[in-house]
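Student: To start, I am sharing the structure in question, which I have written as structure tokens.
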Amino acid sequence: MSSFQTSSGFAAACRTNCTWSMRDKEGHDFTAPDFFTSVQVKNNDALNESGNSVFLHPEKTTDIYFIAQNAGLFAPRCTDHDWAGMTTTIVID
Ligand SMILES: [Cu+2]
């Protein structure tokens with residue numbers, strides 16, 4: 001969990017093309033309903049059935065390709081490990 005990596009800051013370029021990359025040694029279920037509602041995800045098959053979360057497979061990089069529609073501050077979190085601080089912040093300018 002300590003090696004969890006995610007990209008977190010996105011600039012105006014996200015209005016046309018952006019990637020959110022995540023990777024860890026363990027699997028994680030990241031939920032971000034407000035984020036996924038706000039952006040246009042280009043690879044919806046990467047999301048769980050609900051469209052509100054994404055499962056990160058261990059030792060694999062998971063990429064979410066999206067186009068930002070609105071500026072905003074989002075706080076995706078791991079549903080299993082948020083108590084341990086496994087949260088992240090996504091800022092879209
Ligand atoms: Cu986790």
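Values in this text are rule-based calculations from the coordinates and carry no lab data. Nothing here was measured: the structure is a model prediction, and the numbers come from that model. All Cβ positions, even for glycine, are placed from backbone atoms using ideal geometry, and neighbour counts span all protein chains on display.
Student: Working carefully through the options Thr88, Thr79, find the one that is among the polar types (S, T, N, Q) and under 13 Å from Arg23 (Cβ atoms).
Tutor: Only one candidate passes the filter, namely Thr88.
Student: If you don't mind, there's one more thing I want to ask. I want to confirm something. Restricting to the stretch 16-27 and keeping residues that are of a type in the set (Ser, Thr, Tyr) and in a strand (DSSP E or B), which single residue is nearest to the ligand (Cβ to nearest atom)?
Tutor: Applying the filter and picking the extreme gives Ser21.
Student: A further question follows. Considering only residues that are β-branched (Val, Ile, Thr) and surrounded by fewer than 13 Cβ atoms within 10 Å (Cβ to Cβ), which ones fall in the stretch 53-78?
Tutor: Here is the first cut: in the stretch 53-78, the ones β-branched (Val, Ile, Thr) are 54, 61-62, 64, 67.
Residue satisfying the conditions is Thr61 alone.
Student: Here is a follow-up. If we only count strands (runs of 3 or more DSSP E) wholly inside the stretch 28-91, which ones have 3 or more residues that are within 11 Å of the ligand (Cβ to nearest atom)?
Tutor: 28-31
Student: Inside the stretch 19-52, can you point out the residues that are surrounded by fewer than 19 Cβ atoms within 10 Å (Cβ to Cβ) and of a type in the set (Asp, Glu)?
Tutor: Glu26, Asp29, Asp34, Asp45, Glu49
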